[in-house]
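Quick notes on the structure that follows.
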């Protein structure tokens, strides 16, 4: 049998559809893309080689099941294989590698589980393509908004519906991926931290107690497009000039709130769309996307008010109209205390360094946690870099993650070694 | 024979491929698009109905020629039929309508010209699609940069070469549209002002003496993309936060220079491209497009220095790299004094109100002026609005334009009325 670290490396490469993790432009596997589909195929191959039963549900989530008894409860675990544009090869993928690796460890130790184990490879976790995140896990828990999703488009004007149909899924029936309460006993996800806390402090495992889900705003400024050469400076209603100061205000005020609050707070103007975005036309319309996060929901609301007030001021000063749409508003998610305690005990026993912490990013587990007791394990991201080609987690850290996840599973499924 | 104003209205509608000039989203006929091709076809039909000989040259410019003697000199006139995205139906089109209308007037008066007259319908005048303007007239004067053009793309990643080939043109030979010096004796263009000077001051005709061509900069800020939720405010290298203050500095400094200078000065941040432009990723790279215009080339250079100095400061303050590329640098173009005098005389004789003025926008005539004595006539734009669905010039003003252009032509071709 291949050594674990070697198997981890091969699996990581295979799921990333590559033979080297060093890619100048990183990895691009957008939700419902051909690339995501190829990664899911690799997942099926690897799961089959571990004698797991694989199946795709109606929304495109891939399942790999170790079924011991149809009437026994099921322990769920998993993550995702899609990426942002030019992202890293560890975000999501490492959670799938670790889930497969943990099962491989159980099999190596000839554990005979008393419960079923299901690895879930969730489809389209990132919001990078359509502005909607965790489509796969949302569908699984029944949080589907077909009316809204149907009209959401990627930057090439492909709708979610079109993308799903191109992927081979059925728009009319994909919601049937919904799972009943008895489908899982509990769920656990392992993920790279995507922040710098573990790496900077030389800690191997983060046991997460809360996820700071986002409020997302679309702020639209309506000016008047006109010719850049013929419209005098004093005659203009330039939407970009009017709204641009908001970019730096968001940064400054977020830094200030973060300093003054107990919980971490971040806010980012992450997208800008200028219309018509042509060299010789004054910007007539500008849309800014703002992403606001904290585990303290009150801080997020307070920040939205601040943006609203500042935009009213910009409206007056520039005599233009500004509209604010709240396109996402997710309440912070708290994870299961028992699972956190079990993970703490395991780290103590295995003498693995750990800490309790928050998650700044959303993950599929935040949906699962609304229905089933759920846990989230972090492993370090070197320099905290993520969603970038430089994203990196050493194999050693993935291996520690596998060992914690394997120990957790072993205890959960309550099995015995076969003779 | 249809009355002139009725003919003008019908021709304007036909060239705009519409039955109403009031269109909420304006007109979109990008360079080398199917729509531009259809408009050129309409031009050929109308020119044929005036018994003009039509032909398309190698780059796709449409010619309509009234040939009286192959050895006689040729008076050129014309404009373009392409538009920006959601632009107006007067920019360019009115110049073609007026050119055709002027010939129609000569024919109505049974003038028998002693020189040839050629109307040119230049292809792809606007830079809206590829960032390159006046491709048709540039090619005609031999200002072709195939190496540079070949890689320039529209927002759907189509290159100029692909667009030209889809249009039915040959990339290898399109430069053969080049014209020898003896092809024209002179050239004249009629265009809407696209500014507010004529309309505001109730003047019917602008006789242009200079064109304030642009310097265009691409300013690129290189930060570090990272996850918006997991990267603390103090750990960020946000390219958008770093470069955003430049937007308002460009506006403020341009307004200041304009106030203090004899010649009009304008500068605009007209395009923004954020990478990766995803809701959950901190902007890692931001490109701003800056358009700088004046008939005073020294002012433009002075403004470029100002941008350079300010960017150095932003680089230091934010510890990121900023790169400035000068993607366009066109010297101001001065038009032919004799033609200006002839137009002045005509306006005096016909008792039409006029003024001498500059052009803030570039036009095909700025290329023609480098090779042949050239003139530019402006007619009013209501409220100075252009490159926008609200762009409008009353039929009455177009008719005055036709009469001035017809009078000019009549004198230039030195014809006599046929018996």
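The values are calculated or read from the model by the stated rules, or taken from the named source; none is laboratory data. Note that this is a predicted model, so its numbers are computed, not measured. Every residue, glycine among them, receives a Cβ derived from its backbone with ideal geometry; neighbour counts consider all protein chains shown.
When you go through B:12, B:30 one by one, which is the residue that is in contact (Cβ under 8 Å) with a residue 40 or more places away in the chain and in contact with a helix residue (DSSP H, G or I) (Cβ under 6 Å, 6 or more places away or on another chain)?
Step by step, each of B:12, B:30 is checked, and only B:12 is in contact (Cβ under 8 Å) with a residue 40 or more places away in the chain and in contact with a helix residue (DSSP H, G or I) (Cβ under 6 Å, 6 or more places away or on another chain).
Check segment B:139-152 and report whether any residue there is in contact (Cβ under 8 Å) with a residue 12 or more places away in the chain and within 14 Å of chain A (Cβ to nearest Cβ).
yes
Determine if segment B:344-364 includes at least one residue that is facing another protein chain (nearest Cβ under 9 Å) and over 22 Å from residue B:127 (Cβ atoms).
Scanning segment B:344-364 turns up no residue that is facing another protein chain (nearest Cβ under 9 Å) and over 22 Å from residue B:127 (Cβ atoms).
Considering only residues that are over 25 Å from the mean Cα position of the chain (by Cα) and either closer than 23 Å to residue B:363 by Cβ or within 9 Å of another protein chain (Cβ to nearest Cβ) (or both), which ones fall in segment B:285-298?
B:286
I need the full set of residues from segment B:156-165 which are surrounded by 15 or more Cβ atoms within 10 Å (Cβ to Cβ) and either under 21 Å from the mean Cα position of the chain (by Cα) or closer than 16 Å to residue A:277 by Cα (or both), in order please.
Answer for segment B:156-165, where residues must be surrounded by 15 or more Cβ atoms within 10 Å (Cβ to Cβ) and either under 21 Å from the mean Cα position of the chain (by Cα) or closer than 16 Å to residue A:277 by Cα (or both): B:159, B:160, B:161, B:163, B:164.
Which number in (1) over 25 Å from residue A:385 (Cβ atoms); (2) within 14 Å of chain B (Cβ to nearest Cβ) marks the one condition that residue A:316 misses?
So the condition that residue A:316 fails would be (2).
(1) farther than 26 Å from residue A:119 by Cβ; (2) in contact with a helix residue (DSSP H, G or I) (Cβ under 8 Å, 6 or more places away or on another chain); (3) assigned by TED's automatic domain parsing to the domain that holds residue A:95: which one isn't true of residue A:299, the others all being true?
Residue A:299 satisfies every listed condition except (3).
Going residue by residue through segment B:163-172, is there one that turns out to be in contact (Cβ under 8 Å) with a residue 12 or more places away in the chain and under 23 Å from residue B:90 (Cα atoms)?
Looking for residues that are in contact (Cβ under 8 Å) with a residue 12 or more places away in the chain and under 23 Å from residue B:90 (Cα atoms), one finds none in segment B:163-172, hence no.
Applying the selection to segment B:212-249, what residues are more than 29 Å from residue A:388 (Cβ to Cβ), within 9 Å of another protein chain (Cβ to nearest Cβ) and touching a helix residue (DSSP H, G or I) at 6+ places or on another chain (Cβ under 7 Å)?
Within segment B:212-249, B:213 is the sole residue that qualifies.
Go through (1) surrounded by fewer than 21 Cβ atoms within 10 Å (Cβ to Cβ); (2) within 17 Å of residue B:169 (Cβ to Cβ); (3) in contact with a strand residue (DSSP E or B) (Cβ under 9 Å, 6 or more places away or on another chain); (4) touching a residue at least 40 places away in the same chain (Cβ under 8 Å) and name the single condition residue B:39 misses.
So the condition that residue B:39 fails would be (1).
Those residues that are away from every other protein chain (no Cβ under 11 Å) and either in contact with a strand residue (DSSP E or B) (Cβ under 7 Å, 6 or more places away or on another chain) or at pLDDT below 95 (or both), I need them from segment A:371-380; list them, please.
Matches in segment A:371-380: A:372, A:373, A:374, A:375, A:376, A:377, A:379.
Please count how many residues of segment A:291-335 are in contact with a strand residue (DSSP E or B) (Cβ under 8 Å, 6 or more places away or on another chain), part of a loop (DSSP other than H, G, I, E, B) and surrounded by fewer than 16 Cβ atoms within 10 Å (Cβ to Cβ).
Qualifying residue count for the region: 1.
Go through segment B:250-271 residue by residue and tally those that are more than 7 Å from chain A (Cβ to nearest Cβ) and in a strand (DSSP E or B).
Qualifying residue count for the region: 1.
Quick one: what pairs do we get from segment A:272-284, first residue without any contact (Cβ under 8 Å) to a residue 24 or more places away in the chain and at the interface with chain B (Cβ under 7 Å from one of its Cβ atoms), second assigned to a loop (DSSP other than H, G, I, E, B) and buried (at least 23 other Cβ atoms within 10 Å of the Cβ), C-beta under 6 Å, 6+ apart or different chains?
A:278/B:84; A:278/B:128
Taking the options B:56, B:166, B:62, name whichever one is touching a helix residue (DSSP H, G or I) at 6+ places or on another chain (Cβ under 9 Å), within 26 Å of residue B:194 (Cα to Cα) and assigned by TED's automatic domain parsing to the domain that holds residue B:37.
B:62
Could you list, in sequence order, the residues of segment A:278-294 that are under 15 Å from residue A:224 (Cβ atoms) and modelled with pLDDT of 95 or more?
Hits for segment A:278-294 are A:282, A:283, A:284, A:285, A:286.
Does residue A:385 fit the bill of being touching a strand residue (DSSP E or B) at 6+ places or on another chain (Cβ under 9 Å) and either surrounded by fewer than 21 Cβ atoms within 10 Å (Cβ to Cβ) or within 14 Å of chain B (Cβ to nearest Cβ) (or both)?
Against the criterion (touching a strand residue (DSSP E or B) at 6+ places or on another chain (Cβ under 9 Å) and either surrounded by fewer than 21 Cβ atoms within 10 Å (Cβ to Cβ) or within 14 Å of chain B (Cβ to nearest Cβ) (or both)), residue A:385 qualifies.
Looking at segment A:153-174, which of its residues are more than 14 Å from chain B (Cβ to nearest Cβ) and within 26 Å of residue A:191 (Cβ to Cβ)?
A:160, A:163, A:164, A:167, A:169, A:174
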